[in-house]
1. What ranking do B:182-193, C:191-202, B:165-176 get when scored by the average of other Cβ atoms within 10 Å per residue, highest first?
2. Whole number please: convex hull volume per residue of the Cα set in region B:145-260, in Å³?
3. Does region A:25-156 come out rounded, prolate or oblate by the C-alpha gyration tensor, with a ≥ b ≥ c the root eigenvalues, rounded set by a/c under 1.5 and, if not, prolate when a/b is larger than b/c and oblate if not?
4. On alpha carbon coordinates alone, what is the Rg over Rh value for the protein assembly as shown, Rh being the Kirkwood radius?
5. What is the distance in Å between the Cα centroid of region B:65-142 and that of region B:23-53?
6. Hey, got the Cα dimensions of region C:31-91 along the principal axes, in Å, largest first?
7. I need the P(r) histogram for chain B: all alpha carbon pairs, bin width 10 Å from 0 out to the longest distance, whole percents.
8. Between residue C:299 and residue C:78, what is the label-point separation in nm under the 7 Å Cα-to-beta-carbon projection?
C-alpha cells in the first residue's frame, strides 16, 4: 500500500455540479448481466458518474437486505441493485426470487420514510452498456437532489441515553 | 405492559369448558401435556404453564389480550420431549403453528390445539390442525384488516416520507435491544440470529437509534409473509414500540401484492422462497 | 419535634426551582408514542416543569440509565498507515438532579458503586455519580409486584438517597436531606419549606410474600439438583428483566465502524441471552435456558452477597411486572422459599 493521506470524510466536489455534493452510490450487480454491461460501458468509453462503487455478486438472488443496509451504515447515500432481465437469469430464476424480496423490502423502506430515490432496482443485460451508463447518471442525479443520507448516518450520534 | 386483572378469563364458562376439553385429551392419553396459562404468583397476570397431571388442571385461563403466544414454547426441549401436547391458542397463535409446520419446524401431529375465538368468546370444536383449518380459512386473513385494525397504518401512509421518518426514528430509537420481541415470537427460531452474527457484523448491536432502527427493520422484513399478527412481540416490548403497525402493514402488502396470507395451509408455499413470472415489475427500471 | 415539609402538590414548584438552579433535572415523564399504555412513565431530562409526572407507582425503565446508558461511546479511533489517534470524552460534569426515584431505585446505587468504583474504577460511572444528586420520593402506593420489604428495604428506606421526601398523612412531604449534596439541594427549595409538626407517614403496605433467608438457603443447597427446568419454563431468554433491573450492570464491548475509523462502545448485555457466555472456542457453559435462569437467581442472591455483603436486588418488581411471561425473580424465590420451608423428612426434593 503506497503512502497516502488518510481518506477524507467526503470526496471533494466535482467542479460544475450544482450543489457540490457528490453522493456515494453502491451498486450490487450480477456477474453475468449488469457487470458485463458496466464493462461494456467502460470499453466503449461511455462516460458516467464515478460516484458508483460496484459490488459484484454471482446473481441478484444472492443479495440479502442486510447487505443493502450495510452499505447505508458505512456511508452510502444510495444503493442500486441490478441484474439480468426476468427469464434471462444465468441461474434460471435467481432474479425472480430476488424480485419478490425487493418488492417487499422497498415497501418497508418506503413505509419507514426512506425516499425511494435511495434504493433503486433495475434489469440491465450484458449488452446494455448505454443503459447502465444512463441508469447510473440518473440515479446519481436523483441522489444529488435528495442530498446526503445524514438522516440515517447521523442517527448513531443521537443516542437515546441521558 | 401489565395485563390487567379484567383480562384474566377463566372463572366463567370458557375457562371451564377449556379445562374439560384439555382434561379429556390428557386423561385419554391423546396428549402427554397441556400448554396453557395459569394465574401468576399474585393472581395479577397470566403466565404460561405446562400441565402433565390431570389433577392439576383446574379452570384454565385464556389470555384475551394479545399477550404471549404459547406456540413459542413448542421449541423448548422439555416440551418437545412430551409431544404430542395440547396447546391453548387464539387464531394468530394457531396460524403461527401452521407456519411452523409449513417451515418444517413442527409436525401437525405434534400438537392438539384448542382454539379460542375472542370475537365470539367461544372454544371451537376440533383439536387437530385439520379440523380447525376450515374455520381459520373462513375468517382469515380478512379479520386481520377489518374494524379499524388498519387505522394506524393508513394514518402513517397519509404522511409525507419525512414525517414518517420522524415518527419511526422516534419510536424505534426507544429500543433497548432486549430482544423480547424476538424471543416472544414463535417464528424467530434461528439458532443464531442475524443480529448475533458478528464476523462480519451485519447489524450494529448497539442500542443507538441507527442500530435499533436497522434491527427492527430487519426483523420485520424477516417476518414478511410469515407473521400471523399474534401480537406477542408488541405485547412483550418493554418500551412500547408499535411493532404491530409494521407487521400489519407488511401483512397487508403481501396480501394485496401477492395474494398471500401465511398460516392457512400447512403444505403451502413460503412467500419469499417462491416467485411467479407475473410478479409485479414496476419497481424495476 | 418539627421537620421540614412541603405540600405534596408543590412538586411542580420544586421542579421549577431546581430547573432554575441546575443545568439538568431528570424526573419521570409520561411515555408517549405508538403503543404506550396510559400512565406509564420513564426518566428523562426535563425541558420544562410541566413535563414531570409523579403519579406512577414507579417508572417502567429504571433510573439506571442515568448512570449507565444503554449504549455509550468509550472512544473514537482513527488509524492510517501506522499512525493512529484515540479520542475519548467522559460525560459532562453538569450538576444533575435525579428527582422522583423510589427507594428501590436509590438503594441500587450503593450496590452498583461496589461494582463500578472499586479498582479498577469506571470513570464514566464515577463521573455521572459525582454530578448527580438523588432526590427520592417515598412510596404511598405499591402494586402486587413490589417486594422491597422481602429484601430488607421499605417504602421509606433512605439507602442511596441524598434527599428523601416521605409522604405524610397530612398531605405534605417530610423533606429529609441525608448528605452534603442533599443539603445543597434543599437550600435551593428553602422558600417552599415549612416546619411541620409531627405527623404519621402514609406509606404503602408491601407484604412480604416469601422468606429471603429460606430462599437463599435453598439456592445454596440445590444448585445441582433443583427443578430448574420447571422453575424456568416461562422464561423466554430475552433481556427485558435484566435491562429494566436497577441492579443489573452487565455490558458488552462492541467496536463499530471500520479498520480505519470507528468507535468502541459499551452496550447493555444480559446473562439471559443465549450467547452471553459463548466463548471464542465455541464452547458455551450455559447453553440451556434453565442454566441461565439459575445463574440469574444465584448471581443476585448468592454470588453478589458473598462478594459484596448484600443481595443484588432491591425488590422493585420490574422483572415480574414486565416479563412477557410474568416470571421475574420473585416467582422463583417464592416457590423455592416455600419448598425450603417444607423440607420432607426423607429429604426428597419438594415440589415447587
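Where a number appears in this text, it was derived from the coordinates with a stated rule and is not lab data. Values in this document were obtained by computation on a predicted structure and should not be read as measured data. Reconstructed Cβ throughout: ideal geometry from the backbone, glycine too, with neighbour counts over all protein chains shown.
1. B:165-176, B:182-193, C:191-202
2. 116
3. oblate
4. Result: Rg/Rh = 0.99.
5. Distance between centres, Cα-based: 15 Å.
6. 57, 24, 19
7. 6, 27, 34, 23, 8, 1, 0
8. Modelled inter-label distance: 3.8 nm.
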